[in-house]
Amino acid sequence: MEPVIIIPAYNEEKVIANVLKELHRYSYHNIIVVDDGSKDNTTKIAESMKVKVIRHPINRGQGAAL
């Protein structure tokens with residue numbers, strides 16, 4: 001059984017690609033990014049990395065993202 005990795009993200013366009021590349025490098029593929037209302041390209045970048053993305057329309061905080 002493969003673990004599921006959930007990553008809450010808010011305005012993380014500068015680092016999200018590197019985080020996801022590292023996870024893929026170590027053979028983690030069941031990854032969900034919860035974009036918590038980012039105003040940058042976090043969602044677009046995460047989607048391009050072939051992971052599941054859930055997006056909140058407004059920032060609701062880390063608790064709601066998890």
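The values are calculated or read from the model by the stated rules, or taken from the named source; none is laboratory data. On a predicted model such as this, the values are computed, not experimentally measured, just so you know. Please note: Cβ atoms are built from the backbone with ideal geometry, for glycine as well, and neighbour counts cover all protein chains shown. We work out accessible area using only protein heavy atoms, side chains counted, and drop any ligands, DNA or RNA first. Shrake-Rupley method; radii C 1.70, N 1.55, O 1.52, S 1.80 Å.
Residue pairs whose Cβ atoms lie under 6 Å apart, sitting 6 or more positions apart in sequence or on different chains, and linking a residue in region 23-42 that is within 15 Å of Gly63 (Cα to Cα) to a partner that is of a type in the set (Phe, Trp, Tyr) and open to solvent by 80 Å² or more (accessible area, probe 1.4 Å), are Asp36/Tyr10. Looking at region 1-63, the strands (runs of 3 or more DSSP E) lying wholly inside it that each contain 2 or more residues that are among the charged types (D, E, K, R) and under 13 Å from the mean Cα position of the chain (by Cα) sit at 31-36, 52-56.
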